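Everything below concerns the one structure shown next.
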There are 4 protein chains.
Amino acid sequence: MQFAKPLPSYLVHRYQGWKATTYSENQSWYRRLASDGQHPRAMVISCCDSRVHVTSIFGADQGEFFIHRNIANLVPPYEPDGDHHGTSATIEYAVTALKVAHLMVLGHSQCGGVQGCIDMCKGHAPELEAKESFVGRWMDILRPKYDLVADIEDAQQQARALERQSVLASLSNLMSFPFVKDAVDKGELTLHGLWTDIGEGGLEYYDPKLEKFLPV
Amino acid sequence: MQFAKPLPSYLVHRYQGWKATTYSENQSWYRRLASDGQHPRAMVISCCDSRVHVTSIFGADQGEFFIHRNIANLVPPYEPDGDHHGTSATIEYAVTALKVAHLMVLGHSQCGGVQGCIDMCKGHAPELEAKESFVGRWMDILRPKYDLVADIEDAQQQARALERQSVLASLSNLMSFPFVKDAVDKGELTLHGLWTDIGEGGLEYYDPKLEKFLPV
Amino acid sequence: MQFAKPLPSYLVHRYQGWKATTYSENQSWYRRLASDGQHPRAMVISCCDSRVHVTSIFGADQGEFFIHRNIANLVPPYEPDGDHHGTSATIEYAVTALKVAHLMVLGHSQCGGVQGCIDMCKGHAPELEAKESFVGRWMDILRPKYDLVADIEDAQQQARALERQSVLASLSNLMSFPFVKDAVDKGELTLHGLWTDIGEGGLEYYDPKLEKFLPV
Amino acid sequence: MQFAKPLPSYLVHRYQGWKATTYSENQSWYRRLASDGQHPRAMVISCCDSRVHVTSIFGADQGEFFIHRNIANLVPPYEPDGDHHGTSATIEYAVTALKVAHLMVLGHSQCGGVQGCIDMCKGHAPELEAKESFVGRWMDILRPKYDLVADIEDAQQQARALERQSVLASLSNLMSFPFVKDAVDKGELTLHGLWTDIGEGGLEYYDPKLEKFLPV
């Protein structure tokens, strides 16, 4: 374990600043969160992208959202085959143990994972086709949706469209989990599809009646 | 997709507040992030737990950290078998496409996933042994480390010890990825092991010389 | 006064969001409320419980309801003994100074105060019997009503029944205030008994003819 | 109980609107709040005044704040004499049973209760001096602070000053409750003094270092 290094000093300094200010202001709350356990109201599935900050967009503080972040905010289909399924484990824990009331899938503009999927589907990214490509194999989850956007000529519009499809694919796959479907059917869990525009700060939600994304 | 619902109005209000204040103050930066792409300095792998806020601890703003969050901040071993591997995909993308300079694994106190692993190893959680248990199969990644803490009698100390082992297990497994080892060997990537105490706001890092976690 | 701390920053952010949106939209109304004084149509007496939001249930905006919230929405009997009587002061101010036309007492399901009263009456909560227990002494107001529900075997039904009795006890006690009785007799004030189910969003009102609570 | 009347139909209509929209959007959350109990992060003590909306100012939704509202947001001194003390009961329940991490006292501009106290102290309100005046006896809690503002000539400035003193008086009295002082000393509870300007939407907090109220 000789390869592990101490924390860079600029992060040490920032941490000490947090300890002296934010932690100090909220100590009583953090202590209660530690002793009382978490009771998050919602789970959020968003992208790892450094430009997506779901807590700041919603003014959420420690204890409010249980957050899973992966490439392109994707949920794979239900596959209880005994293998390691990291995303499925987060959903199982949130729905069955924490009993969150809301589950939001948050897509975003300029998503690198979604762009990789487009490149792959267009035959421009042979390296992503390799069996060894974890990103390629992960984006296979979204692949069947490419047909829905294949005819869009403008590259940017096509990417925006597939980003929204990634949200819908995840919502669909969520319902393939028996414990998700059961909680939704009982009115104990609500699913929401969202998409945010990084540059313009826009936020859209999927409207089930109009069957499209609308600005909030 | 009739099950998808619009955003609850309290979140709409909070979002509108963010748009009118934080977004407005940072519009030029967010626009540049959108047009110029992300260039995060570090990747962080932390837990989904709603009480862990890696960006606030490190005073990090949009664009700084590429963040993957899963149950118990675990990295599975390298397994390029063509299946969906969400965590491995995030690491591949961060290291090979974004070329992050730092990769931090952040464990934390009161981790429900780690506690579940202890319960499972002690035979107290038969439901987690089921093949269908995604949480159980995910925590199998940590299972071999239980032997190292099995003799600790105090339940809290045992949990704290296994939480730190979850960080070390992830660091070990990271080095099983050829592109991670390669980048570390070339001095292009540094790995860091961290653990935070939710109630007291403490932060510890793994010191490779003393082979233990020390307060920052 | 060194123990007083500044506002946690997450609340500062949320406040700034409110200022930039809701306040901005309603500025002219808030300014008039400030210069012209309040003219609320109704007073509401409800519980402090964080799950009871009387303004949202009734779509009420700033200026509509004069609201007193205490444990279990209780009104003590008229006792002009020169001591501090916080609840009685709110009623006096609402009826004689503001001349509200309606006074609603709103009970609710899962009321912790009512449950405490049941525990106390069953002899399961000796700590609430202590002279020093403010909650115990406050719930003494409801105590005489326990006899009416003592025979109900199902614990949940018993609690629901005593919650409704807390509304009726308050209505009775309200009429012991000479200025309340006088205003009611003159047709200048109407009293209403209400009970809401938190989980199902139900609302019931007390029907004086049938002498029971009915769904709205 | 023949004096109790059914709910006015305009409120029935509004309730039905809430049921069809807000309740419907949040049903899963409200059901969880009902089954899982409340875990509010903070208690707020504010005025009954219809113009003060603490939840909207802070973008707070059901489940977040345990709220006590009385005339002029006053806390009486600790007096465990076996009588009914409604305000003291709310504090005891919030601190010892719910273990809230924050307790905010929120004063406001144009406070009728504070104005009554000034009138009384100036000898302009003999009716408030009567033993039978609940409002007068309640405002006795604030009375000793009048000396601190007696010399301010401008009537509005004097009222603003006494409104802020009402917050400080409550904070002081809060510390006379052994269970409040104990929780503060242990770092499990933080007290905050706030004052809001109704017309301008301003918010000020008490700064313990500068010993005065500052804009947020």
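The values are calculated or read from the model by the stated rules, or taken from the named source; none is laboratory data. All values derive from a computational prediction rather than experimental measurement. Glycine gets a Cβ as well: all are built from the backbone with ideal geometry, and neighbour counts include every protein chain shown. We work out accessible area using only protein heavy atoms, side chains counted, and drop any ligands, DNA or RNA first. Shrake-Rupley method; radii C 1.70, N 1.55, O 1.52, S 1.80 Å.
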| Karplus 3J(HN,Hα) series, Hz, for the range A:104-116 with 6.51 cos²θ - 1.76 cosθ + 1.60 (x for Gly, Pro) | 10, 9, 10, x, 7, 6, 6, 6, x, x, 5, 4, x
| query | Rounded, prolate or oblate: which one fits the range C:60-216, using the alpha carbon gyration tensor with axes a ≥ b ≥ c (rounded when a/c is under 1.5, else prolate when a/b beats b/c, else oblate)? | reply | oblate
| task | On a 0 to 90° scale, report how tilted helix D:9-18 is relative to the longest principal axis of chain D, with both axes built from alpha carbons and the result rounded to the nearest 10. | result | 70 degrees
| Electrostatic dipole magnitude of chain A [Cβ: Lys, Arg +1; Asp, Glu -1; Cα centre; debye, to 20] | 780 debye
| said: Quick check on chain A: helices-only [θ] at 222 nm, where DSSP H runs of length 4 and up contribute -39,500 (n - 2.57) each and the sum goes over total residues. Nearest 500, please. | reply: -11000 deg cm²/dmol
| field | Total charge dipole magnitude, the range D:39-167, about the Cα centre, Cβ charges on Lys, Arg, Asp, Glu only, Debye to nearest 20 | value | 360 debye
| message | Along the Cα→Cβ direction, 7 angstrom out, place labels at residue D:21 and residue A:13. What is the inter-label distance in nm? | response | 5.0 nm
| request: Only Lys, Arg, Asp and Glu count, each charged at its Cβ (+1, +1, -1, -1), so figure out the dipole size of the protein assembly as shown about its Cα centre, rounded to 20 debye. | output: 960 debye
| query | Measuring with a 1.4 Å probe in the full set of protein chains, what accessible area per residue, in whole Å², belongs to the protein assembly as shown? | reply | 36 Å²
| request: Would you mind checking the pairs C:5/D:186; A:181/D:99; C:99/D:131; A:19/B:145; C:99/C:181 and listing those with alpha carbons more than 24 angstrom apart? | output: A:181/D:99; A:19/B:145
| request: Round to the nearest 10 and give me the degree value, 0 to 90, for the angle of helix B:155-174's Cα axis relative to the longest principal axis of chain B. | output: 70 degrees
| task | Return the single residue from B:203, B:106, B:168 with maximal mean-square fluctuation; model: Gaussian network over chain B, springs between Cα atoms under 10 Å. | result | B:203
| note | Computed for B with A: buried accessible area summed over both chains, 1.4 Å probe, rounded to 100 Å², at 9000 Å²
| query | Most mobile of D:124, D:68, D:13 per a Gaussian network model of chain D (Cα springs, under 10 Å)? | reply | D:13
| query | Heavy-atom accessible surface, probe 1.4 Å, ligands and DNA/RNA ignored: which residues of the range C:41-61 lose at least 20 Å² versus the isolated chain? | reply | C:41, C:48, C:49, C:50, C:51, C:53, C:55, C:56, C:57, C:58
| message | Could you give the length gained by full extension between residue D:155 and residue D:127, i.e. 0.36 nm per residue of separation minus their alpha carbon distance, to one decimal place? | response | 8.0 nm
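Looking at the protein assembly as shown, send over the antiparallel percent of its DSSP beta bridges, to the nearest 5.
30 percent
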| Just D:147, D:83, D:119 to compare: in a GNM of chain D, with alpha carbon springs under 10 Å, which one fluctuates most? | D:83
| So what's the Cα pair-distance distribution over the range B:11-141, bin width 5 Å, in %? | 2, 9, 14, 16, 17, 15, 12, 8, 5, 3, 1, 0
| request: Can you tell me the relative contact order of the range D:66-167? Whole percent, Cα pairs under 8 Å, sequence separation 6 or more. | output: 33 percent
| Across 10 Å bins from 0, what is the distribution of all Cα-Cα pair distances for the protein assembly as shown, in whole percents? | 2, 12, 21, 23, 18, 13, 7, 2, 0
| said: Between 0 and 90 degrees, rounded to the nearest ten: what's the tilt of helix A:24-36 against the longest Cα principal axis of chain A? | reply: 80 degrees
| query | How big is the antiparallel share of DSSP beta bridges in the range A:38-215, given as a percent to the nearest 5? | reply | 30 percent
| query | If we count every other residue with Cβ under 11 angstrom of residue C:165's Cβ, Lys/Arg +1 and Asp/Glu -1, where does the sum land? | reply | +2
| Carbon-plus-sulfur fraction of the accessible area of the range A:68-216, 1.4 Å probe, in percent? | 49 percent
| request: Using Cα centres only, tell me the gap between the range A:5-71 and the range D:29-49 in whole Å. | output: 22 Å
| Can you tell me the Rg and the Dmax, both Å, for the Cα atoms in the range B:47-116? | 13.3, 38
| For the range D:38-215, with the dipole built from +1 on Lys and Arg beta-carbon atoms and -1 on Asp and Glu ones, taken about the Cα centre, which of D:156, D:84, D:54 lies farthest toward the positive end? | D:54
| request: Find which of A:121, A:213, A:180 sits farthest along the positive direction of the dipole of the range A:38-215, computed with +1 on the beta-carbon of Lys and Arg, -1 on that of Asp and Glu, about the Cα centre. | output: A:180
